[in-house]
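Right, one structure below, let's go through it.
The values are calculated or read from the model by the stated rules, or taken from the named source; none is laboratory data. Quick caveat, the model's predicted, so the values are computed rather than measured. Here Cβ is always computed from backbone atoms with ideal geometry, including for glycine, and neighbour counts include all displayed protein chains. Accessible surface areas use protein heavy atoms only, side chains included; no ligands, DNA or RNA. Shrake-Rupley method; radii C 1.70, N 1.55, O 1.52, S 1.80 Å.
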Amino acid sequence: GLNALPRGRLRGLYVAGAPLDPTLKAMIEQEFGQPLLNAYGITECAPGISGVRADAPRADCSVGTILPGIEVRLMGRDGAPTPNGEVGELHVRGPNVMRGYYRAPEATAAAIDRDGWFNTGDLARFEGEALFIVGRTKELIIRSGFNVYPAEVEAVLNAHPSVVQSAVVGRAVHANEEVVAYVQLLPGSAATIEELMAHASRYLTAYKRPSEIVVLEALPAASTGKILKHRLAATAAAGKQQPTSLTA
């Protein structure tokens, strides 16, 4: 556990590469007595785009301010700039942006427009100069006309004391989408699906609540620890459960 880790001369804590869960952030900060500084980047952008500065730590899960020399804009589905404070798709331009994908001109043209703007495929919003990543465009769930960002639902599930981590995906159903949540529980936990559903209902409005919660012994992950959501999405779409799962 974390309590076994020697603190030594630790001077800074930094995180990037995946959405930062607020429950995990609070736990790490309490344990080490240091602010956890969140940052954002993407491989095609060399990779840094923004970061929380050490002299201006944040209590929320913002990925900080844009790095010098980089331009950003938020665009709506209609191709127009997103109004201030609203969610849009993040586009980046600057000397950090790649020249293109190797021997893949079509993929390059799809990612970078004529003016040099690279589409990150991430949905974001600003609060002042602070950038917040709310999810991937392709992972956005549209339920009964409302946008559901998986990270928001995951944050609620992860706040349950029995949940280690969770992953939320969308599943097409009757010309609509429903929310399906996969959760990993602490070993030996006796938490039930009904308990997790009730917890989600307390903190989420109706359209954001999972239609189904599936408990797995472990969520599929890459070697970096990043959850492989495409596998879970395929499982949800097929309507099948893994042998280690329990369903309501």
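Things worth noting here:
- For Cys61, Cys45, the ranking by accessible surface with the largest value first comes to Cys61, Cys45, using a 1.4 Å probe.
- Remark on the chain: hydrodynamic radius 19.7 angstrom, per the Kirkwood mean of 1/r across alpha carbon pairs.
- The value of relative contact order for the chain, using C-alpha pairs under 8 Å at least six residues apart, is 12 percent.
- Placed amide H near Gly121: partners under 5 Å, 5+ positions off or other chain: Leu90
- Rounded, prolate or oblate (a/c below 1.5 giving rounded, otherwise prolate when a/b exceeds b/c) for the stretch 134-217 by Cα gyration tensor: prolate
- For the stretch 32-150, the relative contact order comes to 21 percent (Cα pairs under 8 Å, sequence separation of at least 6).
- Working note: Karplus 6.51/-1.76/1.60 with θ = phi - 60° gives the stretch 21-34 the couplings 7, x, 5, 5, 4, 4, 5, 5, 5, 5, 5, 9, x, 9 Hz, where Gly and Pro are set to x.
- Point-to-point label distance, Ser201-Ala237, nm (Cα→Cβ direction, 7 Å offset): 3.1
- Residue-averaged [θ]222 nm for the chain, counting only DSSP H segments that reach four residues, each worth -39500 (n - 2.57): -5500 deg cm²/dmol
- With protein chains left intact and a 1.4 Å probe, residues in the stretch 2-131 average 62 Å² of accessible area per residue.
- Carbon + sulfur, % of accessible area of the chain - ligands and nucleic acids excluded, 1.4 Å: 54
- All aspartates and glutamates inside 19 Å of Lys229 as judged from Cα atoms, apart from same-chain residues fewer than 8 positions distant: Asp21, Asp122, Glu139, Glu152, Glu154, Glu177, Glu178, Glu212, Glu217
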